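Below: the structure, in structure tokens.
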Amino acid sequence: MTDLSASAPRPLDKVRSLWRSQKVWLATALILAGLAFFDPGQAGDSALFTAEALLNTAPFLILSIGVAAWAGATGADNLIARAFTGAPVVMIGLAALAGGLSPFCSCGVIPLIAALLAMGVPLSAVMAFWLASPVMDPSMFVLTTGVLGLEFAVAKTLAAVGLGLFGGAVVHGLTRAGGLSDPLREGIGNGGCGGSKIRTPKPVVWRFWTDADRRAKFGREALGVTLFLAKWLTLAFLLESLMLAYIPAETVTASIGGTGLAPIALGTLVGVPAYLNGYAALPLVGGLLDQGMAQGAGLAFLVAGGVTSLPAAIAVWALVKPRVFVLYIALSLTGAFTAGVLFQFWSVA
């Protein structure tokens with residue numbers, strides 16, 4: 001007889017599967033449940049704060065979702081392929097610009113990088129794109145404007161492109177000196193959901209609504225982005241409400257407020273472990289800025305966290321050799337600190 005119990009899913013496996021697929025929503029629910037038990041008044045205040053924040057951000061969310069869905073449905077993300085042709089110096093500049101403006105999703109960037117490196121694209125250009133891409137994209141620009149203001153969104157975009165240029169230039173110099181050859185780990189080859197965009201770039205179909213498949217893709221992209229943003233921003237606004245309720249403003253001001261270099265350096269370092277998600281971090285930084293955090297420290301936090309957040313760092317570690325990974329982290333932190341210093345001087349000038 002067949003042992004059906006061996007193949008039947010166990011309750012613990014079901015719990016693990018549910019946690020992996022819905023961990024953000026479950027974390028939000030657990031936080032609210034804990035508040036309801038330990039601090040019922042704050043639970044109601046936090047729920048109201050979260051709902052109002054989502055409502056106030058809704059116009060920017062709708063525009064952000066539309067931009068992301070449009071990019072996927074038209075194939076506009078294929079334009080990124082044109083950034084990786086030409087002389088190395090030109091490629092670095094175009095790759096940094098493309099990374100700062102690209103609409104690539106998080107699942108597409110890592111396979112895309114693997115494909116580029118496996119095809120022999122210079123590491124300098126790839127690094128320029130790699131550093132700039134997690135920091136800013138069109139959807140992020142719209143949301144940053146809504147949450148932190150247009151000046152901050154422009155500064156973050158310039159920081160993304162500048163970080164790409166800086167990293168690409170450093171890698172180009174090291175490569176010319178004879179280092180950084182064969183950057184990929186063994187077994188990493190040409191493939192992935194982003195690689196085909198470079199190997200076989202397809203023309204952009206601007207009038208996507210005339211094609212049934214592209215209309216369907218627009219709907220899928222819009223739904224996917226909506227669910228993604230909804231879960232992360234709900235958690236982020238909930239955490240912001242707790243931060244405002246339980247962290248004294250004077251503590252924030254004393255640690256990462258002020259106008260010196262120390263708050264910017266601390267914001268750069270704190271951004272690595274404290275960063276949740278590019279979208280979720282925006283309202284958190286907004287709350288810290290309201291409590292006295294320096295503008296430069298806020299930008300350094302967002303830039304450093306975006307590039308070196310745990311999911312991104314794990315993906316990079318799995319893809320490249322240790323020396324390239326260390327260089328990636330060093331470039332990220334140095335560039336984020338520099339961007340924070342420059343923005344702080346600009347904001348107080």
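Conditions tested, residue by residue: (1) at pLDDT 80 or above; (2) outside any helix (DSSP H, G or I); (3) not β-branched (Val, Ile, Thr).
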position: Met91; (1), (2), (3): yes, no, yes
position: Val126; (1), (2), (3): yes, no, no
position: Met136; (1), (2), (3): yes, yes, yes
position: Ala153; (1), (2), (3): yes, no, yes
position: Val170; (1), (2), (3): yes, no, no
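Scanning the range 320-335 for residues that are aliphatic (A, V, I, L, M) and either farther than 19 Å from Gly179 by Cβ or modelled with pLDDT under 85 (or both), which turns out surrounded by the fewest Cβ atoms within 10 Å (Cβ to Cβ)? Checking each candidate, the answer is Leu333.
For Thr338, the test of being at pLDDT 80 or above, crowded, with 18+ Cβ neighbours inside 10 Å and outside any loop (DSSP other than H, G, I, E, B) is passed.
When the range 145-164 is filtered for residues that are surrounded by fewer than 21 Cβ atoms within 10 Å (Cβ to Cβ) and of a type in the set (A, V, I, L, M), the ones remaining, listed by number, are Leu150, Ala153, Val154, Leu158.
Filtering Leu143, Leu165, Leu174 for residues that are closer than 30 Å to Thr57 by Cα and at pLDDT 75 or above leaves a single hit, Leu143.
Evaluate the range 97-107: report whether one residue or more is in contact with a helix residue (DSSP H, G or I) (Cβ under 7 Å, 6 or more places away or on another chain), modelled with pLDDT under 70, surrounded by fewer than 24 Cβ atoms within 10 Å (Cβ to Cβ) and under 27 Å from Ala281 (Cβ atoms). Yes.
The values are calculated or read from the model by the stated rules, or taken from the named source; none is laboratory data. Predicted, not measured: the structure shown is a model, and the values here were computed from it. Here the Cβ is made from the backbone with ideal geometry for all residues, glycine too, and neighbour counts use every protein chain on show.
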